[in-house]
Amino acid sequence: MRIAEVALPTGAAGAGPDEVTAGIAGWIRSAPLRGLVGRFGGEWPAGDLAAALAALDDFSARHWDFRRGRERPDATEPDLDAATARLVQDAAGALGLVRPVPPARAAYAHQVILGGLAHACLRRVAYAGQLLRHGPAVTGETAVLGSFRPLSDLERRTLAAAGLPPCDTEVDALDLAVRRVFDTPAPADEDGHDAGHPHHSWSSRTYRPAGLPPVRVLAAPSSEPDRRRAHTADTQRFWAGHVRLSPDDSVLMVTAPIYVPFQHCDALRTLALPYGCGVETVGVDPALPDVAVLPEPVLSPGRYLQEIRSAIRSMRALHRAVTQGGAPG
């Protein structure tokens with residue numbers, strides 16, 4: 001029997017702090033997350049929502065962080081018994097990390113495609129192309145957001161095995177995907193800044209496919225270049241600086257289902273709060289034709305636990321932004 005999914009914080013345009021906070025509390029205090037914490041030996045944290053978020057951040061760091069500062073392909077996989085693995089899978093489904101949900105609206109001001117591993121870049125751009133041709137209308141632009149993160153050896157081998165041209169970085173893979181999906185061999189406009197280091201540099205390429213909205217491919221700089229590469233919130237914030245968002249705008253974010261909760265909350269913090277726009281986040285539907293450019297890797301219990309932790313951390317950052325009246329990085 002399919003378990004009803006726990007709702008994410010609202011992305012409705014102009015949603016107030018109380019509405020967003022209620023959505024965070026509903027997800028964080030849900031039965032599936034409580035069950036996971038108990039399964040891994042934790043006691044449910046006491047105190048208010050801020051205290052619960054802090055405690056769950058700490059708990060998930062100890063039990064569900066398999067990256068330990070590494071990129072996602074380099075994460076280790078925990079050795080879980082069969083019952084625990086089933087519980088993780090069920091909880092991930094209930095928390096919104098498994099099943100794709102189609103866009104709810106007939107039209108959006110902008111469509112935003114979030115980067116990721118090389119195979120995900122191609123799949124997400126292919127799905128976005130399907131939506132543009134057969135789904136909701138987009139009145140503004142399609143933005144494809146990434147960074148100069150170097151591709152891993154595994155990502156390079158995956159592209160080569162599929163007979164695709166070599167790419168050096170995440171944004172190269174996104175650019176390749178845009179040129180293939182939208183049949184646009186060259187950008188109409190280019191801009192950027194090479195600062196001599198990928199964490200400081202940025203680039204922008206705008207393609208103009210026939211009969212469709214313009215497609216802008218962005219590589220964002222890091223907001224903490226001395227510490228790390230650009231992350232999801234950096235790319236969203238960087239794009240917002242290139243387009244004029246208004247409270248009447250609705251933004252459709254496209255990612256993979258496993259990342260929907262954390263990237264939705266990042267988008268609320270970096271786009272909805274400062275600009276008042278609406279945000280809806282959907283995952284790629286693998287059943288649609290022409291999406292399987294590269295096969296989707298099997299998602300393990302460890303991957304789901306890692307991204308449940310990502311969602312907890314993103315909701316904690318969103319809660320801070322709501323209660324402090326801003327959108328910190």
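Numbers at a glance
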| read-out | value |
| --- | --- |
| Odd one out for Gly115 among (1) touching a residue at least 60 places away in the same chain (Cβ under 8 Å); (2) out of contact with any helix residue (DSSP H, G or I) (no Cβ under 8 Å at 6 or more places or on another chain) | (2) |
| Long-range neighbours under 9 Å by Cβ, at least six apart or interchain, first residue of a type in the set (S, T, N, Q) within region 161-182, second modelled with pLDDT of 90 or more | Thr169/Gly146; Thr169/Ser147; Thr169/Phe148; Thr169/Arg149; Thr169/Pro150; Thr169/Leu151; Thr169/Ala219 |
| Single residue of region 71-96 satisfying the filter (at pLDDT below 80 and not basic (Lys, Arg)) that is nearest to Gln263 (Cα to Cα) | Glu71 |
| Any hit, region 69-87, residues being exposed (fewer than 13 other Cβ atoms within 10 Å of the Cβ), of a type outside the set (Val, Ile, Thr) and in contact (Cβ under 8 Å) with a residue 12 or more places away in the chain | yes |
| Search result, residues across region 103-153 that are over 25 Å from Arg228 (Cβ atoms) and among the acidic types (Asp, Glu) | Glu141 |
| Candidates Thr255, Thr281, Thr235, filtered to the one that is within 17 Å of the chain's Cα centre (by Cα), modelled with pLDDT under 95, closer than 25 Å to Ala92 by Cα and of a type outside the set (Gly, Ala, Ser) | Thr255 |
| Residue list for region 14-34, filter: of a type outside the set (Val, Ile, Thr) and either in contact with a helix residue (DSSP H, G or I) (Cβ under 6 Å, 6 or more places away or on another chain) or surrounded by 18 or more Cβ atoms within 10 Å (Cβ to Cβ) (or both) | Ala15, Pro17, Gly23, Ala25, Trp27, Pro32, Leu33 |
| The listed residue being over 19 Å from the mean Cα position of the chain (by Cα), more than 24 Å from Gly135 (Cβ to Cβ) and surrounded by fewer than 20 Cβ atoms within 10 Å (Cβ to Cβ), out of Gly241, Gly276, Gly211 | Gly276 |
| Strands (runs of 3 or more DSSP E) wholly inside region 215-320 that include at least 1 residues being farther than 30 Å from Glu19 by Cα | 215-219 |
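The values are calculated or read from the model by the stated rules, or taken from the named source; none is laboratory data. Values in this document were obtained by computation on a predicted structure and should not be read as measured data. We place every Cβ from the backbone using ideal geometry, glycine too, and count neighbours over all the protein chains shown.
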